[in-house]
Each structure stands twice: as C-alpha cells, then as structure tokens.
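A.B. asks: My questions will all concern the structure given below.
The values are calculated or read from the model by the stated rules, or taken from the named source; none is laboratory data. These figures come from a predicted structure and were not determined experimentally. Reconstructed Cβ throughout: ideal geometry from the backbone, glycine too, with neighbour counts over all protein chains shown. Accessible surface areas use protein heavy atoms only, side chains included; no ligands, DNA or RNA. Shrake-Rupley method; radii C 1.70, N 1.55, O 1.52, S 1.80 Å.
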Amino acid sequence: MRTRLAVAASALLALLATLWVPPAWPAADPAAAQQRAVQPLRDLDVPGWTAVVVQGDRVVARFAEGRAGGRPVSGSTPFLVGSVSKSFTATLVLNLVQEGQLGLDDRVDRRLPDLRGAPNGLGAVSVRQLLTHTSGLSRSAGLERADVVDDRPETLRRLASSLREVTLASEPGTTYAYSDANYLLLGAIVEQVTGTDFGRALRERVTDPLGMSGAITTSAQADASGVGAGNRLPFGRARPFDRGYSQSGVPYGYVGATPDDLVRYARFQLGVAPNTSVLSSSGLATMQRAQVRTSATQSYGFGWRTTQLDGLPRPVVEHTGATPGFFTHVLLDPANDRAVIVLANAYSEAAAPALAGVGPDLLRAAAAVPQQPMSPDPVLSAAPWVAVALAAVGLVCAALAVRAGLRRDRRRRAALTALAVLGVVLAALAALTPRLVGYGWREVRLWAPDLALGLGASVVAWGAVAVTAAVAVVVRTRRGRAAPPG
C-alpha cells in the first residue's frame, strides 16, 4: 500500500511539475530586461521603431531598429503620435485657462455659436467634460468624423458643428465614453478663442516654446518632414499605407513628432524641464490628476490616463496613440522622474496589446520588478482568417448550387431551399458585423483591412450562394410542373 501511494504521489508531483510555469522574474542584468521588453516589436513585422527611457535630464536607454520615411530610424525620425495628441490639446487648453482666455466650466455654446440651441443639448456641455470624455458623445460619433483628409481651414469647424445632430449616448457629466469628438470640439474652441487655426496655435503656444523643432501640426509640415507612409498589418504582415495627413485631426490624433521632441515633451510633463509660459506646475498637476474613473485600475485626467500597472507601487500617467499606420505610447512615472516613449510605424488592432505592452515592461525593467510581456489579440488575429475561410466555403457552396441547377433531376429541392436561406443569413451577418460591434464599414476598412476583405468576400460569396440556390430551386420547380404525370 505504501509503495503504491509513493508511486501515485510521485506521479502526481511529476504532473504538477509539468503544469507549473515559473514566474517571469526580472533579469539580473537590466539591459537584458530592457531587451526582453522590446522583443515584441521585433516579433511583429514593424518596419521601423524606437523606444526611449528617460531618467531626469538624461536618456538612459535608447533602442532604434529598421527604417521609416526611407531612412534608418533615429532621434530625428518623425512619427505621427495618434491619441497622444490629446495631451497636447489639453496642455494648450490649460495654457489658455492659465492666461484667463478660457474657463474649464465654460459652456460649449459660449465659444461655438454654431452649437447654440443644438437639439441634443451639446451646447450646455463644459470644456471640463470634453477634456474628460464625459460629454455624452459616443465613440462612434468621433470615429465617423475622424481621419478626414481635408486641408480646408473650415473643416474642423464644420465637423464640430455637425455634432449638433448626433444623439448623446448619456447625460453630460455622468458617464465616461472615450471619443475623438470631444477633442475635435476642443480644437474648434481653441480656434475661436485664439483667432487662428489650431495647428498654428499649438505650435506657437506649446511645441515651439518647448523646443520641439520637429513637431508636425499642419499638412505642409507633414509634407516637408518626410514622415512617410506608415504601415498596416493585414494578416500579420506590414503593408505601406499613406492615406494622407488629416489637418483637422491634429486636436485628437495627428500631431507629429520625433523621438527627441517627445523626450523634451516628457521632461516638461514630468516637471524636470519646467516652462511656466506653457503651463505652471499646478497646471501640469491638474491635467495629470485622475478626474473620472474608467476601470478598476485606470482613470482619465485631461488628455492623460492614470493607470496602476501590475508590479509598480504607484500609478503612472500614460496614453497610447494610433493612426492607421503608426503607434505611440508615452508613459510618465513622476515619482521617479522617469518616462518611457515607444514609437512604431506600424499598427493593427490585433497587434495593439503587444505594442501597448512594451512601454509598461520597460518601466518594470527600470524598477527591477517582474515583466509581463503581451501578445497580439488571438481573437482579432484569427478573425480575418475565419472570414476568408467562410468566404471560401461560400464559393464552394455557390459552385455546388450551380451544378445542382444544371442537373435535370428534381431531387434535393428542400436542400437547395435551405442553402438559399443560409446564404441570405450569412451574407447579411457578414454585412452587418461591423455595426454589430459598433463600427462602420469605413472604419473597418481603415483600421482592419484584412477583416474588411474577408467580410466583403463573405458577403459576395454567400450572396452568390443565395442567388444560385434560389435560381436552382425555381428551375427545378418549373421542371417539376412541366414533367408529364406518372
């Protein structure tokens, strides 16, 4: 009995040993931990990327690989920073508040006459609510107006004015809902207050005073900078994509900057390199302070998120950013005068978790705590392949329906009818999938071209199944009626 128990215990321990995964303890060599942190950028098919670790007034680590804009990535390579632009907009808004030209509790309709009497009540929303995404505007309201390539000076105001017709998703001030529309409105307000276009106001009041000589805030600067095309990652492979620069999108997502520019910006935001003409230390504290809780571990301030990362004792101030073809992440650890900057000229929704995990792991490496490398989203990675496979099955079924329609026997009419119904259902489901998850076809084509291709092919293939099966049923029915009795 004891022998049997010993054998059984040994077997159980052996089984547990195979199932136990040791924790990812930090490497004894900090440089090895940093290399492990940036490995996801190498594993993804990113043509050009850089990551920078700032400690006080020094750059303590810098990684740069690949090419961007036709040249090797360096500290002077321009990138689009995506929604990190929102922190620039918030800095500019608070600069105007500091100078007494704008109030955080000013109503939108006080600054934008086009929204006076808006039927949705948007005119009563405050500047503060726009900054914190608590205006009631939905994510879709922003997506529908984002990434518009139109350099005309009135475009920003026109897009802002169009928001008077949308239905607010919630009562202003009650619910957080991240939306580019909030910062689109802030951009229009800045133009009204300053009497100049947003890009020029941002340059004169923020980027130039901070010495950000490579900053991009207009289409002309984007063209002159050689920022080049970004890359999307359809089916996991990089493909160049240059839809054009969205000048009206600068307030929420189209600021451009070099890594060296963002180092200067991070030092300013940390208070290491103060510039009170841009924003006082109290103004910086205000914009970085948590204003509204968004999840168990995250809050939103003014253009910044406050996030509690696993393994770190205190929350960090951070924001990710993406445009079609570019990814950025800026993280600030004010308690340690530390910042991390990650820039890549490639992006996909499937790759987002892996991209967004690099910056936190660089902070963990600096703090000598266990790292938590992230992988691409398995569902979003598989979805395009599933959609393509569904389309392929549809093409096979369409071919079978055609073959059945050409045959002269009258059997399997019920099966063909069921196939026609299935074709209608699956074609409709593929066509409606973007709306079912809260997006339009325009946004899916822009941000997930591989999924759009698969879904579009599925619509065509299963639409063909429905048509060919229905025609086969009609043909067989007519033949059945024409056949002589007996």
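A.B. asks: Got a sec? Which of A177, A146 is touching a Gly at 6+ places or on another chain (Cβ under 7 Å) and aliphatic (A, V, I, L, M)? Talk me through it step by step, then tell me what you get.
C.D. replies: Values: A177 fails: touching a Gly at 6+ places or on another chain (Cβ under 7 Å).
It is A146.
A.B. asks: Among the residues of the range 197-244, write down those that are in a loop (DSSP other than H, G, I, E, B) and crowded, with 23+ Cβ neighbours inside 10 Å. Lay out the reasoning, then the answer.
C.D. replies: Keep residues of the range 197-244 that are in a loop (DSSP other than H, G, I, E, B), which gives 197, 208-215, 217-218, 226-229, 233, 237-238, 242-244.
Those that are in a loop (DSSP other than H, G, I, E, B) and crowded, with 23+ Cβ neighbours inside 10 Å: M212, A215, T217, V227, L233.
A.B. asks: Taking the conditions exactly as written (aromatic (F, W, Y), at pLDDT below 95 and at negative phi), does W49 satisfy them or not? Talk me through it step by step, then tell me what you get.
C.D. replies: Numbers: aromatic (F, W, Y): yes; at pLDDT below 95: no; at negative phi: yes.
Against the criterion (aromatic (F, W, Y), at pLDDT below 95 and at negative phi), W49 does not qualify.
A.B. asks: Within the range 302-312, can one find any residue that is touching an Asp or Glu at 6+ places or on another chain (Cβ under 9 Å), among the acidic types (D, E) and either surrounded by fewer than 24 Cβ atoms within 10 Å (Cβ to Cβ) or assigned to a loop (DSSP other than H, G, I, E, B) (or both)?
C.D. replies: From the range 302-312, those touching an Asp or Glu at 6+ places or on another chain (Cβ under 9 Å) are 304-307, 309, 312; that's our starting set.
Filter again for among the acidic types (D, E), leaving none.
For the range 302-312, residues touching an Asp or Glu at 6+ places or on another chain (Cβ under 9 Å), among the acidic types (D, E) and either surrounded by fewer than 24 Cβ atoms within 10 Å (Cβ to Cβ) or assigned to a loop (DSSP other than H, G, I, E, B) (or both): absent.
A.B. asks: Somewhere in the range 215-227, is a residue touching a residue at least 40 places away in the same chain (Cβ under 8 Å) and touching a Ser or Thr at 6+ places or on another chain (Cβ under 8 Å)?
C.D. replies: Yes, that holds for at least one residue.
A.B. asks: Looking at the range 232-255, I want the residues that are closer than 11 Å to N345 by Cα and have a partner that is outside any loop (DSSP other than H, G, I, E, B) and open to solvent by 60 Å² or more (accessible area, probe 1.4 Å) with Cβ atoms under 6 Å, at least 6 apart or on another chain. Which pairs are those?
C.D. replies: Here the result reads R232/R239, each pair linking the range 232-255 to a residue that is outside any loop (DSSP other than H, G, I, E, B) and open to solvent by 60 Å² or more (accessible area, probe 1.4 Å).
A.B. asks: Checking V471 against (1) among the hydrophobic types (A, V, I, L, M, F, W, C); (2) open to solvent by 70 Å² or more (accessible area, probe 1.4 Å); (3) out of contact with any helix residue (DSSP H, G or I) (no Cβ under 8 Å at 6 or more places or on another chain), which test does it fail?
C.D. replies: The one condition V471 does not meet is (3).
A.B. asks: Do you know which residues across the range 273-301 are closer than 19 Å to D337 by Cα, open to solvent by 10 Å² or more (accessible area, probe 1.4 Å), in contact (Cβ under 8 Å) with a residue 40 or more places away in the chain and in contact with a strand residue (DSSP E or B) (Cβ under 8 Å, 6 or more places away or on another chain)?
C.D. replies: Q288
A.B. asks: Working only within the range 131-149, note down all residues that are under 19 Å from W447 (Cα atoms) and either of a type in the set (D, E, K, R) or open to solvent by 10 Å² or more (accessible area, probe 1.4 Å) (or both). Let's see the steps before the verdict.
C.D. replies: Of all residues in the range 131-149, those under 19 Å from W447 (Cα atoms) come to 138-149.
S138, R139, S140, L143, E144, R145, D147, V148, V149 - these are the residues of the range 131-149 that are under 19 Å from W447 (Cα atoms) and either of a type in the set (D, E, K, R) or open to solvent by 10 Å² or more (accessible area, probe 1.4 Å) (or both).
A.B. asks: Another question about this same structure. Conditions first: (1) at pLDDT 95 or above; (2) under 21 Å from L355 (Cβ atoms). S76 passes all but one, so which condition is the exception?
C.D. replies: (2)
A.B. asks: For the range 322-349, which residues satisfy the criterion of being of a type in the set (A, V, I, L, M, F, W, C), open to solvent by less than 20 Å² (accessible area, probe 1.4 Å) and not in a strand (DSSP E or B)?
C.D. replies: Taking the range 322-349 first, the residues of a type in the set (A, V, I, L, M, F, W, C) are 322, 326-327, 330-332, 335, 339-344, 346.
Remaining after also requiring open to solvent by less than 20 Å² (accessible area, probe 1.4 Å): 326-327, 330-332, 339-344, 346.
Within the range 322-349, A346 is the sole residue that qualifies.
A.B. asks: Determine which member of the set G463, G438, G456 is open to solvent by 10 Å² or more (accessible area, probe 1.4 Å), part of a loop (DSSP other than H, G, I, E, B) and either within 14 Å of L380 (Cβ to Cβ) or of a type in the set (G, A, S) (or both). Let's see the steps before the verdict.
C.D. replies: On the way: G463 fails: part of a loop (DSSP other than H, G, I, E, B); G456 fails: part of a loop (DSSP other than H, G, I, E, B).
Matching residue, one of G463, G438, G456: G438.
A.B. asks: Next up: Quick check, is D333 charged (D, E, K, R) and over 17 Å from the mean Cα position of the chain (by Cα)? Explain how you work it out, then say what you get.
C.D. replies: Working: charged (D, E, K, R): yes; over 17 Å from the mean Cα position of the chain (by Cα): yes.
Criteria met by D333.
A.B. asks: Output the residues belonging to the range 66-102 that are in contact (Cβ under 8 Å) with a residue 24 or more places away in the chain, open to solvent by 20 Å² or more (accessible area, probe 1.4 Å) and more than 22 Å from V46 (Cα to Cα).
C.D. replies: Across the range 66-102, the qualifying residues are V97, Q98, Q101.
A.B. asks: Please go through the range 275-295 and give me each residue that is part of a loop (DSSP other than H, G, I, E, B) and over 16 Å from V317 (Cβ atoms), ordered by number. Don't jump to the end; show me each part of the working.
C.D. replies: Within the range 275-295, the first condition is being part of a loop (DSSP other than H, G, I, E, B), and the residues that meet it are 276-278, 280, 289-291.
If the condition is that a residue be part of a loop (DSSP other than H, G, I, E, B) and over 16 Å from V317 (Cβ atoms), then T276, S277, V278, S280 are the ones that fit.
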